[in-house]
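Reviewing the structure listed below.
The values are calculated or read from the model by the stated rules, or taken from the named source; none is laboratory data. Since the structure is predicted, the reported quantities are computational estimates derived from the model, not experimental observations. Don't worry about glycine lacking a Cβ; one is built from the backbone with ideal geometry, like all the others, and counts go over all protein chains shown.
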Amino acid sequence: MKVAIFTLNAESLEVAEKIANCSRYRSKIFQGKEGYGSLGELVASVYEDYDGLVFIMATGIVVRIIAPLLKNKALDPAILVIDPRGTFVISLLAGHLGGANRLTKEIAKILKAQPVITTATDVLGKKSLEDWAQYHGLGIKNIQGLVKINGALVKDENITIYSELNPQYFADYPLGEKERIQFLPLKELEKGKNKNRPQTCVGISRAGGLEDKVDLELIIRNLVVGIGCRRDTPQEKLQEFLEEVFLEAGLSLANIKKFVSIDIKKEEKGLIGLVRSLRLPIEFFTPKQLASVFLEHPDLNYSKFVQKTIGVGGVCEPAALLGSKQGTLIVKKKAREGMTIAIAEEKLPLWG
């Protein structure tokens, strides 16, 4: 997780350094205005570049600074506020989708501070639908449906889930009490034709198109995109190539679970920008890890030039297979202007 930490004085800087010294995050500390006209201008300039923004200052200052920058809960980064002594860590914004609640707990542990979380599901000891979906690699199609589902969880109401995935897939991290959550095969939703639709229901599928049949639609994300590029390849160029590859293969970007690449691309601006714009994670592998895949799959595209340049004979195909836990390579290496993409599909326990 890439985290920006904002400080105003020496006392808050000490707290910031404790957080930054934790190798769990890729952190950058900003002190004061950093040459900008105001702190607000500084924050606005980096708002979309980080997964989390941590402010070590008064909550009132933070509210005034971020108010003009807010977009919606699906796009805003995690916003945290910490007092200058590091006594309290407050999850201010994007608690679930943005990961602010999780980040709050982690940083509170580092500082030995008190986490302050106010979202209803967390306060009442319930799982939120967002956390549950993220844990199981599901994308949220219509975020407006979250209010009704989370409300039902808080009130201990019954929820019916029409799923293309076997219920056992969710066993290690259940949404709620068994007697309150009923799973039915997705095909049952088609049979009912909405005549006897449950009062509160969720649909889980790969293809989508359930918006008018359920209260909340979740998309199965099981595609892993292996990607490589020349240094300084623009984000727009990568985006165009990605869309072209998916369109040609008849696949949907909505089913992407994550991107994977080689570790020398960790600071590649265009690539990181692409991943962040899609609100998806990216995982990096070492040349040694990628090379091990060639031993098991000698039929993969191999380049002597690439081997000589970066220490392994290819990136996108072995990365896709490694990231998908040895899934199926459904789109082999596609290359254009120094960019490469391959797509692997994770094996999932489909139901019905």
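Just a few scattered comments:
- For segment 261-273, a residue qualifies if it is crowded, with 16+ Cβ neighbours inside 10 Å and over 18 Å from Gly323 (Cα atoms), and the qualifying residues are Glu268, Gly270, Gly273.
The rows are residues; the columns are (1) free of Cβ contacts under 8 Å to residues at least 40 places away in the same chain; (2) closer than 20 Å to Arg26 by Cβ.
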| position | (1), (2) |
| --- | --- |
| Ile79 | yes, yes |
| Leu93 | yes, no |
| Asp122 | yes, no |
| Ile140 | no, no |
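- Ala74 passes every criterion in (1) closer than 30 Å to Gly145 by Cα; (2) at pLDDT 95 or above; (3) among the small types (Gly, Ala, Ser) apart from (2).
- Filter pass, Leu295 being at pLDDT below 95 and over 30 Å from Leu189 (Cα atoms): yes
- Elements of the type strands (runs of 3 or more DSSP E) sitting completely within segment 183-290 and holding at least 3 residues that are farther than 22 Å from Tyr25 by Cβ: these cover 201-205, 216-220, 223-228.
- Residue count for segment 150-182, restricted to those that are of a type outside the set (Asp, Glu), farther than 21 Å from Arg206 by Cβ and in a loop (DSSP other than H, G, I, E, B): 6
- Of the criteria (1) touching a Gly at 6+ places or on another chain (Cβ under 8 Å); (2) closer than 23 Å to Pro281 by Cα; (3) at pLDDT below 90; (4) surrounded by fewer than 21 Cβ atoms within 10 Å (Cβ to Cβ), which one Asp122 fails: (2)
- Applying the criterion of being aliphatic (A, V, I, L, M) and modelled with pLDDT of 95 or more to the residues of segment 20-45, the residue that is surrounded by the fewest Cβ atoms within 10 Å (Cβ to Cβ) is Ala44.
- Glu345 being touching a residue at least 40 places away in the same chain (Cβ under 8 Å) and out of contact with any Lys or Arg (no Cβ under 7 Å at 6 or more places or on another chain): yes
- Of the strands (runs of 3 or more DSSP E) lying entirely inside segment 1-115, those containing at least 3 residues that are among the aliphatic types (A, V, I, L, M) and under 24 Å from Ile272 (Cβ atoms) span 2-7, 78-82.
- Asp299 passes every criterion in (1) surrounded by 14 or more Cβ atoms within 10 Å (Cβ to Cβ); (2) assigned to a loop (DSSP other than H, G, I, E, B) apart from (1).
- Selected residue [touching a Leu at 6+ places or on another chain (Cβ under 8 Å), over 14 Å from Cys229 (Cα atoms), small (Gly, Ala, Ser) and not in a loop (DSSP other than H, G, I, E, B)] from Ala342, Ala320: Ala320
- Among the criteria (1) in contact (Cβ under 8 Å) with a residue 12 or more places away in the chain; (2) not assigned by TED's automatic domain parsing to the domain that holds Leu321, the one Ile256 does not fulfil is (2).
- Glu188, sole failed condition from (1) at pLDDT below 95; (2) among the charged types (D, E, K, R); (3) crowded, with 16+ Cβ neighbours inside 10 Å: (3)
- Of all residues in segment 140-162, none are surrounded by fewer than 21 Cβ atoms within 10 Å (Cβ to Cβ) and of a type in the set (Phe, Trp, Tyr).
- Restricting segment 204-260 to residues that are exposed (fewer than 14 other Cβ atoms within 10 Å of the Cβ) and of a type in the set (Lys, Arg) leaves a set whose member that is farthest from Leu186 (Cα to Cα) is Arg231.
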